[in-house]
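Read-outs: derived from the displayed coordinates by stated rules, not from any lab. Here the structure is a predicted model, which means the values were calculated and not measured. Please note: Cβ atoms are built from the backbone with ideal geometry, for glycine as well, and neighbour counts cover all protein chains shown.
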Amino acid sequence: MVEIKFNGQRYAYWQQVHIRSSVDDLAASVNLAVTRSGTGERLGVDANTVIEVLIDGAVVTTIRADSISRHVDANSHGIAIEGRSLARELIDSQYSQTLSGLKLEELVKRLCSTFNVPVNVNAKTTLVPDFSLQSESPSNALINAARAANLLLYPTADGGLMLTEPSSAAPVATLRYGEHIESYTVVDEYKLRYSEYLVKGYDYQNDQALKGAAKDSGIGFYRPLHIIADKTGQGLGGSERRAELERNRRQARANRIELNVAGWTHAGGVWAINTQVRVTIPQENVDGVYLIGDLAFTLDDQRGSMTQLSVMKREAFAGE
């Protein structure tokens, strides 16, 4: 059962549910709707209300509403909520800030504190010599900095963010087609890949230009991606590693499996991103451990409660 909790109140029995989170997005998204008999009343939520979203009693995300719509006719009333987790402010806001001499974890904490977004760091981070925002969204700069460090920055149940490495823990479950997996889709997204990757930067300490390159042998035509380095002063080797990381991540991300499984939980609890699962699909010669990169909890009249899992090899996030 999905419930929302705010100001000491609880509302349950939603008829339509879509709750999505991804390791590539800073904010989880929530869509809930219900139609009941009678004229109904306002929900009591405003722009400032913080709402906990629970599945079977466990908080899966904490949001503010982006929009609330009410529809009333002679026999019924309906209400729909769209919202995102608290880190949405890092996505929507345009902000200016210059920081220097901070480790990545300190930088993330500083920006999150400005927007009252909870953050948890579970990784060792290195120095980011210079970090600057000029009337722009903090989210893009934070995601790029995390990727350059081979780390993930993704939404947590309290509405905040986790900065950590891709999980290497044991699989939380084993999913077999025909037993646990109701349907699957194998995706080869070629547009994510490029023939060559060129990372350019400048080492101000040693007063020299930096350049690193990597090629994808699977793309036989000219399709370049040039990247301005997110970090400076890391030397030529750092630029080369960043180019290899970008190539490896895109190769792995371009090949993924989307699974539909019944329910919202496994034996250990509610499904979560950045956890590993063993997937067995004999028809595709698939039998291995994959990382959950995206998930969506859904509920509708046709299929009931389902979880859509997008899984890929850990290298899609770890890079090297």
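Tabulated data
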item: Kirkwood hydrodynamic radius (C-alpha pairs) into Stokes-Einstein, the range 2-84, 10 °C and 1.306 mPa s, D in µm²/s; result: 119
item: Residues His77 and Glu106, FRET efficiency given R0 of 45 Å [Cβ-Cβ distance, rounded to 0.05]; result: 0.35
item: Option label - Cα extents along the principal axes in Å computed here, alternatives (i) 72, 51, 35; (ii) 65, 41, 38; (iii) 80, 57, 33; result: (i)
item: Integer Hz, Karplus 6.51/-1.76/1.60 couplings in order for the range 149-166, x for Gly and Pro; result: 9, 6, 10, 10, 10, 9, x, 10, 5, 7, x, x, 10, 10, 10, 7, 7, x
item: Listed residue (Asn255, Ile281, Ile68) projecting farthest to the positive dipole end of the chain, Cβ model; result: Asn255
item: Residue-averaged [θ]222 nm for the chain, counting only DSSP H segments that reach four residues, each worth -39500 (n - 2.57); result: -4500 deg cm²/dmol
item: Length-normalised contact order for the range 89-164 - Cα pairs under 8 Å, 6+ apart - percent; result: 40
item: Qualifying GluC sites (Glu not before Pro) in the range 12-85, DSSP loop, other Cβ atoms within 10 Å at most 12; result: Glu41
